[in-house]
Amino acid sequence: MRTKKILILSLAVSSCALLFCHALFAADKLNVVATTTTLANIASEVALDKIRVTSIASPKQNIHHYAPTPKDVLKVKRADVLIHEGLDLEAWREPLLAAAGNMRFLGEGKDSIDVSLGVPLLEIPTSLSRSEGDIHAFGNPHYIGDPENVKIIALNIAEGLAKVEPENADFFRSNATAFNEKLDAKIKDWEARMAGFQGAPVVTYHRSWSYFLKRFNLSVIGEVEPKPGIPPTAKHLAGLIQQIKDKKAKVIIKEPFEETRTPKKIADETGAQVVTLSQSVGEPKEAKDYISLMEQNISSLETALKQEGGK
Ligand SMILES: [Zn+2]
């Protein structure tokens, strides 16, 4: 008898799952796909429990070179809203959208949110230099490194979600404002902590820290890559090493997925220190949201600059 009751209950639960609960659940929450973990985090700050959000690119890999999987195609196919960074950070974005065949996201698709709108871009090339391998053809796409830009991103996400779900527009907007206020307080703290290192010369591996370093008034004197995405030659490295010595740069910034051998070689020859910073929520795993990610970046940089005496 008991077995029969359990069987009936499981059948009822399964039917509910198949017929009703799924529909109710799906109707309840927007299914949002963000191209990166950092965008997914900002979206959840803006929409809280009104969305189910997943991300595509792994935080452990270079976003430029992520290779979408069939699972990613399915995610995009089933999504209600797509949030992406625009420009050419996600070089794989358009092919992925084409594979998913979700017309609402292609081109200026109405359910697709390009968070770069209104962000003041740096390093917009005067001529398109893709033939030389440069992967920042529309300007530097690593604007998420500046927390002031993240405030624009949060507002863009709120407006984009408000278009799709107008009944929650006020909710999205007020959450974005609250998040931005939280961010404002942190920016003040981070700026105060970096104030002692104004103009300190640093080197980065890829040109991915321009916005971050500009915000905190540090000076980039060169990159390990001669152009974004181009591996260094011996001649380029010799010139960079000389620059570091001449300008007394103390820090070489790399991201977790970039190879360590070259920065270490430069460090050995110059006495500069290699510091690993990240722009991806979840890498390292303690960086569970944008604020804790930036907090880690500022702390690591502060420690490195202090150790070397700073300025
Ligand atoms: Zn890049």
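Using the Cα centre as the reference, give the magnitude of the dipole from point charges on the C-beta atoms of the range 184-311 (Lys, Arg: +1; Asp, Glu: -1; all else neutral), rounded to the nearest 20 debye.
Details: 20 positive and 17 negative charges, 77 e Å.
My answer is approximately 380 debye.
Helix-derived [θ] at 222 nm for the chain: sum -39500 (n - 2.57) over DSSP H runs of at least 4, divide by residue count, nearest 500?
Estimated from H runs of four or more residues: -14500 deg cm²/dmol.
Output the 0 to 90 degree angle, nearest 10, between the alpha-carbon long axis of helix 261-270 and the longest principal axis computed from the alpha carbons of the chain.
30 degrees
For the chain, with only Lys/Arg (+1) and Asp/Glu (-1) charged at the beta-carbon, what is the dipole magnitude about the Cα centre, in debye rounded to 20?
860 debye
Over the range 35-182, how many pairs of lysines fall under 26 Å by alpha carbon, counting only those 8 or more apart in sequence or from different chains?
21
Calculate the translational D of the range 16-187 in whole µm² s⁻¹ from Stokes-Einstein, where the hydrodynamic radius comes from the Kirkwood formula applied to all Cα pairs, the temperature is 37 °C and the viscosity 0.692 mPa s.
Estimated via Stokes-Einstein, D reaches 195 µm²/s.
Taking the highest mean first, how do the peptides 36-44, 282-290 order by number of other beta carbon atoms within 10 angstrom per residue?
36-44, 282-290
Let me make sure I get this right: for the range 72-124, a, b and c are the square roots of the gyration tensor eigenvalues over alpha carbons, sorted descending. Under 1.5 in a/c it's rounded, otherwise prolate if a/b > b/c, else oblate. Which is it?
The shape class here is prolate.
Beyond 35 Å, how much of the Cα-Cα pair distribution for the chain remains, as a whole percent?
Summing the P(r) of the chain above 35 Å gives 28 percent of all pairs.
Would you mind working out the magnitude of the charge dipole of the range 16-187 relative to its Cα centre, with +1 at each Lys and Arg C-beta and -1 at each Asp and Glu C-beta, to the nearest 20 Debye?
With only Lys, Arg, Asp and Glu charged at Cβ, the dipole is about 620 debye.
For the range 16-187, give the percent of accessible area contributed by carbon and sulfur heavy atoms, probe 1.4 Å, rounded to a whole number.
60 percent
Using only the Cα atoms of the range 191-307, what semi-axes does the equivalent ellipsoid have when each is the square root of 5 times a gyration tensor eigenvalue? Give whole Å, largest first.
Details: eigenvalues 102, 56, 29 Å².
Its equivalent ellipsoid spans semi-axes of 23, 17, 12 Å.
Round to a whole angstrom and tell me the spacing of the C-alpha centers of the range 203-269 and the range 51-115.
Centre-to-centre (Cα) distance: 30 Å.
Counting only protein heavy atoms and a 1.4 Å probe, tell me what percentage of the range 191-307's accessible area is made up of carbon and sulfur.
52 percent
Tell me, what is the per residue accessible area of the chain in Å², probe radius 1.4 Å?
On the way: 15150 Å² over 311 residues.
Solvent-accessible surface per residue comes out at 49 Å².
Count the net charge of all other residues whose Cβ sits under 13 Å from the Cβ of Leu39, scoring Lys and Arg as +1 and Asp and Glu as -1.
Local net charge: -4.
Taking 2.2 N^0.38 Å as the expected size of a compact globular protein, what ratio does the Cα radius of gyration of the range 145-254 give against it, to two decimals?
Compactness ratio reported: 1.45.
Could you state the angle between the C-alpha long axis of helix 2-15 and the longest principal axis of the C-alpha atoms of the chain, as a value from 0 to 90 degrees rounded to the nearest 10?
It is inclined by approximately 60 degrees.
The values are calculated or read from the model by the stated rules, or taken from the named source; none is laboratory data. Everything numeric here is computed off the predicted structure, so don't read it as measured data. Neighbour counts are summed over all protein chains in view; Cβ atoms, including those assigned to glycine, are modelled from backbone coordinates with ideal geometry. Ligands, DNA and RNA are excluded from the accessible area calculation, which covers all protein heavy atoms including side chains. Shrake-Rupley method; radii C 1.70, N 1.55, O 1.52, S 1.80 Å.
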